Each structure stands twice: as C-alpha cells, then as structure tokens.
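Remarks on the structure that follows.
The values are calculated or read from the model by the stated rules, or taken from the named source; none is laboratory data. The model shown is predicted, which means the values in this text are computed figures rather than measured ones. For neighbour counting, all protein chains shown are included, and Cβ atoms are generated from backbone atoms with ideal geometry for every residue, glycine included. Keep in mind that these areas ignore ligands, DNA and RNA; they rest on the heavy atoms of the full protein, side chains included. Shrake-Rupley method; radii C 1.70, N 1.55, O 1.52, S 1.80 Å.
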Amino acid sequence: MSNLTFSHIGQSISETKFVGESRKFQITIDEPPDLGGKDEAANPVEYTLASLAGCLNVVAHLIAKELGIELKSLKINIEGDLNPSKLLSGDNSARAGFSDIRVNLDVDSDADQQLLDKWLQIVRDRCPVTDNLANPTNVEIHVW
C-alpha cells in the first residue's frame, strides 16, 4: 500500500491562538490564561492527547472486529506529564514534551482477559499516533 499524506495549514491569530484547517475541518488552538492565552480552545499538548485518544478509538474498534470481540462500550482516559521549564525559560535540563503519558481503556466486553490482552497488544502495535509518540519521527522545520 502506498503512503497517505495528511496536511494542516493555518494562520497565527495572536501569540497564543492559531487557526488552521485539516481537509475541511477548522481547528483552533489556544493556551490557558496561566500560559498567556485566552482559553478559547484546547492547547497543542491537549490536542496531542486527544489525537492519541481518537486514534486508539479507531484502532481498538478495528482490531476488536478482526478478533471477533464485541465492544459494548469503550471509554478512554489519557493524562500526560509535561514540565514547562524548557518551553518557558529554555531550561535544557528538562525536555520540552511529555515525560509520561498514561492511557486507561475502560472496556465493556464479554471477551476473556487473555483475548483482551491480545487485543490490547495489537492495538498498541498498530496505532499510528502511539507509534509517533513512542518512536522518533523525522520532523523538518523550514522558513519559507
């Protein structure tokens, strides 16, 4: 199968607010007041967590169908720890991104624990956003 290319393009509205589009969908990003924003939208790292949740949802259902598991319900709770020192002051002793991300899947299913463990391993392995967060990805940033 050949690669798919996804894109996002947008415009800075203020120091903290950005409005962009992916396909036909507008996405607004802002920061909370304690980080200088007006709290008009989720911030970039919250979108990262939401992206992970959304991707896990899709992959979880795909793999469940492949394994014949009925998911009666699936709730996803994600938390991430981030030290803002590097972002706010350039402190090189801390990393800029999440140090830890914890995902809890609350699954209602008749599948036994052994099958759910197999399902979870395959979900982890095949989720593109999990892969991007857990492994190095080449990122090039240029000025036009």
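Please find, within segment 93-109, the residue that is farthest from the chain's Cα centre (by Cα) out of those that are of a type outside the set (Val, Ile, Thr) and more than 21 Å from Ala134 (Cα to Cα).
Filtering first and then ranking leaves Ser109.
Taking segment 87-103 only, how many residues are touching a Lys or Arg at 6+ places or on another chain (Cβ under 8 Å) and either of a type in the set (A, V, I, L, M) or open to solvent by less than 90 Å² (accessible area, probe 1.4 Å) (or both)?
2
Give just the number: which of (1) under 16 Å from the mean Cα position of the chain (by Cα); (2) open to solvent by 70 Å² or more (accessible area, probe 1.4 Å) does Asp81 not satisfy?
(2)
Could you give me the residue pairs with C-beta distances under 7 Å whose first residue belongs to segment 58-72 and is without any contact (Cβ under 8 Å) to a residue 40 or more places away in the chain, whose second residue is not in a helix (DSSP H, G or I) wherever it lies, and which are 6+ apart or on separate chains?
His61/Leu71; Leu71/Val107; Leu71/Ser109; Lys72/Asp108; Lys72/Ser109
Give all pairs with beta carbons closer than 7 Å in which a residue from segment 108-119 that is in contact (Cβ under 8 Å) with a residue 40 or more places away in the chain meets a residue that is among the charged types (D, E, K, R); count only pairs at least 6 apart in sequence or on separate chains.
Cβ pairs passing all conditions: Ser109/Glu70; Ser109/Lys72; Asp110/Glu70.
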